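The values are calculated or read from the model by the stated rules, or taken from the named source; none is laboratory data. What you see is a predicted model; the values in this text were computed from it and never measured. Here the Cβ positions follow ideal geometry from the backbone for every residue, glycine too, while neighbour counts run over all protein chains shown. Calculation scope for accessible area: heavy atoms of the full protein, side chains included, ligands and nucleic acids excluded. Shrake-Rupley method; radii C 1.70, N 1.55, O 1.52, S 1.80 Å.
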Amino acid sequence: MTALTIAAVATPPGISGVAVIRISGPEAAEVLRRLMGRLPPPRAATLTTLRDPANGSPLDQGLVLWFPAPASFTGEDCAELQIHGGRAVVAAVLGAVVALEGVRPAEPGEFTRRAFENGKLDLAAIEGLGDLLHAETEAQRRQAYALYQGRLTDETDRLAQQLLPVLALVEATIDFPDEGDVTDAALLQARSHALAVRDRIAGLLADAGRAERMRDGVVVAIAGPPNAGKSTLLNAMARRDVAIVSPIAGTTRDALEVQLDLGGLPVVLVDTAGIRDTQDPVEAEGVRRARRRVSEADLVLWLAPTIESAAERPEGSWLVQSQADRLVEHLSEARHRISAATGSGLAALLADVQAFASSLLGGEPAVVVHERHRRIMAEALASIEAALGHTDWSACAELVAEDLRAALAALGRSRGRVGTEAMLDQLFSAFCIGK
């Protein structure tokens, strides 16, 4: 018989003060009875000595928490063992748990998948939970937490509630064509409600790019001619040695990336190869890649020590005069004058980059965060626009109703109750074993 109760370590591997072992399934209560000799009171931390059910020898002393179904994360009987975080202790306790009949080690993301299958979390909330696990900045945390707390689900529910009366009115013209209860004025009013829903969805889709930038970071490319101080600036902004700094032109051959947290905003700094004409095929490839990264970046910092090098900067880039501590030539068009060697001007440049990132990422957390959300909203928008494409709703009621039903079906998929096993497998496999 397949073991239905699962167990896993929910804390990172390695030595720590406390490690947590999670247990979920129908045998969770029996596991606790075998380990501690009794079942503790629900939702109260109980200090106890855990013993090996095989021989009664003590394994460790720790806290045990018991969560009877359905009031648990997974919706099943659950238990947590908070024990000392030494590797041998964790291995001994977990080994004793999975040695019991009806218990097996959990697969990656299996606890969260059970929460989904038992209706404790919908798919949008699980996507938010996954984003929370990978959040590195405060802004990323806020966006992930909003998704986890149901921001997308609440929005799609509101949109669906606005469309339902519209559909009901249209269907009334189909079911009762001779009653005359549905007036042209009522259909016009219903059409205006559909227009409002369409405009709201279009606005959410337009904001999706901000969410993508929030997850991936605002890309800032440091570009310019060879020996302009690009790698030195990257190291100074990152506050550590990331790139090799050398007076030899062409030292940087490929783009280097550094993740920064600027005031809680995610920023990706990219150090590129010096842009110039060269006969060296390897350096030429580096220049080609540098030009591509510059074209893809949200912001380009063009480093130029001299007027001659400043003339080559791309349109829309920020001109930053580098090596200002030892150059007498003054670039009047420069947005910033810096010296990465002495630190002069760096604080002002970082503050300016942070303000730029805030202009792209600021505001309330986005609703449409993942590609799945974008597809759902795009499908709903297309269906509503198809319905609005029929100018005479009374004459085309059946077609309009079909389009509105398709829009409602698309919005309903935000919860993830309609989908394929392959999609679910891919999502949950990205979670850690104890989640």
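Quick notes
- Set Gly109, Gly86: member being in contact (Cβ under 8 Å) with a residue 24 or more places away in the chain and touching a helix residue (DSSP H, G or I) at 6+ places or on another chain (Cβ under 6 Å): Gly109
- When Pro12 is tested against (1) out of contact with any Lys or Arg (no Cβ under 9 Å at 6 or more places or on another chain); (2) within 28 Å of Tyr148 (Cα to Cα); (3) buried (at least 16 other Cβ atoms within 10 Å of the Cβ), just one condition goes unmet, and that condition is (3).
- For region 409-420, the count of residues that are in contact (Cβ under 8 Å) with a residue 60 or more places away in the chain, of a type in the set (A, V, I, L, M), more than 26 Å from Arg291 (Cβ to Cβ) and open to solvent by less than 30 Å² (accessible area, probe 1.4 Å) is nonzero.
- Gln354 vs. criteria in a loop (DSSP other than H, G, I, E, B), over 21 Å from Ala125 (Cα atoms), of a type outside the set (Asp, Glu) and open to solvent by 10 Å² or more (accessible area, probe 1.4 Å): no
- Here Leu100, Leu81, Leu133 are screened, and the one residue that is in contact (Cβ under 8 Å) with a residue 24 or more places away in the chain, among the hydrophobic types (A, V, I, L, M, F, W, C) and part of a strand (DSSP E or B) is Leu81.
- Residue count for region 330-349 under the criterion of being open to solvent by 70 Å² or more (accessible area, probe 1.4 Å) and either closer than 19 Å to Pro226 by Cβ or not polar (S, T, N, Q) (or both): the result is 6.
- Every residue from region 367-417 that is assigned to a helix (DSSP H, G or I) and of a type in the set (Val, Ile, Thr): Ile376, Ile384, Val400
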